[in-house]
Amino acid sequence: MEVLTRIKSLLVAQFGDAAGIAEEQSGLQPALIISSAWLPKVCLFLRDHEETYFDFLSCISAVDDGVAAGTFTMVYHLASIPLKHQLTLKVIVPNDRRLDNLPVVPSVNSVWRTADWHEREAFDLMGIYFDTHPDLRRILMPDDWEGYPLRKDYAEAETYHGIAIK
């Protein structure tokens, strides 16, 4: 049985249909899509289960699906070093794109400490808020920067503290 299909069956057996687990076979990396509410529990299970043992979170990426889509996608790249397999997890978050209503995703910092800076980067550049993150603040942009520069609808500032930006 393919690794992705086996992992999906383990997750469905553990969490049932409530976790909203679906397979995405299109694209270069097949992925499992899960409900954001279940993200920390699913990740903890994937880290600790003897058949999966995803001991390494290599990357978290935030994807702006576009203004018309009204969603952001969080992509988690997991690896099991001892078992030599990988998994891509995705969480799709609806959002109206207002700057006073950031999309919210639960933090996985308690599962993998490497999530700390990845989540801070997604917050800083895309405006994704990670619930329960222990230190969610800007990491690349100045603390007083307005907006989130990697969003597709971001309007570039012309100046910053009176200095022209070009």
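Of (1) part of a helix (DSSP H, G or I); (2) buried (at least 17 other Cβ atoms within 10 Å of the Cβ); (3) not β-branched (Val, Ile, Thr), LEU10 satisfies all except one. Which?
Every listed condition holds for LEU10 apart from (2).
Considering each of ILE21, ILE60 in turn, give the residue that is within 11 Å of LEU89 (Cβ to Cβ), modelled with pLDDT under 95 and surrounded by 15 or more Cβ atoms within 10 Å (Cβ to Cβ).
ILE21
Looking at the stretch 47-94, which of its residues are assigned to a helix (DSSP H, G or I) and either under 20 Å from HIS133 (Cα atoms) or of a type in the set (Lys, Arg) (or both)?
Passing the criteria: only ARG47.
Could you list all residues from the stretch 147-163 that are in a loop (DSSP other than H, G, I, E, B) and surrounded by fewer than 10 Cβ atoms within 10 Å (Cβ to Cβ)?
ALA155, GLU156, GLU158, HIS161, GLY162
Hey, among LEU4, LEU46, LEU39, which residue is surrounded by 13 or more Cβ atoms within 10 Å (Cβ to Cβ), of a type in the set (A, V, I, L, M, F, W, C) and at pLDDT below 95?
The unique qualifying residue is LEU4.
In the stretch 137-146, how many are farther than 24 Å from GLY70 by Cα and surrounded by 13 or more Cβ atoms within 10 Å (Cβ to Cβ)?
2
With the requirement that a residue be over 23 Å from ASN101 (Cα atoms) and either charged (D, E, K, R) or more than 13 Å from the chain's Cα centre (by Cα) (or both), what does the stretch 56-86 give you?
PHE56, ALA79, SER80, ILE81, PRO82, LEU83, LYS84, HIS85, GLN86
Within the set of pairs 6+ apart or on separate chains, which have a first residue in the stretch 129-149 that is farther than 22 Å from TYR160 by Cβ, a second that is surrounded by fewer than 16 Cβ atoms within 10 Å (Cβ to Cβ), and C-beta atoms under 6 Å apart?
The qualifying pairs are TYR129/VAL104; ASP131/VAL104.
How many residues are closer than 18 Å to VAL75 by Cα and in contact (Cβ under 8 Å) with a residue 24 or more places away in the chain if we restrict to the stretch 4-51?
23
From the residues in the stretch 102-135 that are part of a strand (DSSP E or B) and of a type in the set (Phe, Trp, Tyr), which one is surrounded by the most Cβ atoms within 10 Å (Cβ to Cβ)?
Filtering first and then ranking leaves PHE130.
Could you tell me whether any residue of the stretch 34-50 is of a type outside the set (A, V, I, L, M, F, W, C) and over 21 Å from SER110 (Cβ atoms)?
Looking for residues that are of a type outside the set (A, V, I, L, M, F, W, C) and over 21 Å from SER110 (Cβ atoms), one finds none in the stretch 34-50, hence no.
Based on this model, can you work out whether VAL104 counts as under 13 Å from the mean Cα position of the chain (by Cα), farther than 25 Å from SER9 by Cα and hydrophobic (A, V, I, L, M, F, W, C)?
For VAL104, the condition - under 13 Å from the mean Cα position of the chain (by Cα), farther than 25 Å from SER9 by Cα and hydrophobic (A, V, I, L, M, F, W, C) - is met.
If you check ARG97 against the conditions, is it in contact (Cβ under 8 Å) with a residue 40 or more places away in the chain, more than 11 Å from the chain's Cα centre (by Cα) and assigned to a loop (DSSP other than H, G, I, E, B)?
Against the criterion (in contact (Cβ under 8 Å) with a residue 40 or more places away in the chain, more than 11 Å from the chain's Cα centre (by Cα) and assigned to a loop (DSSP other than H, G, I, E, B)), ARG97 qualifies.
Filter the stretch 24-36 down to the residues that are among the hydroxyl-bearing types (Ser, Thr, Tyr) and exposed (fewer than 13 other Cβ atoms within 10 Å of the Cβ) and list them by number.
SER26
The values are calculated or read from the model by the stated rules, or taken from the named source; none is laboratory data. Computed from a predicted structure; not experimentally measured. FYI the Cβ positions are ideal-geometry reconstructions off the backbone, even for glycines, and counts take in every protein chain you see.
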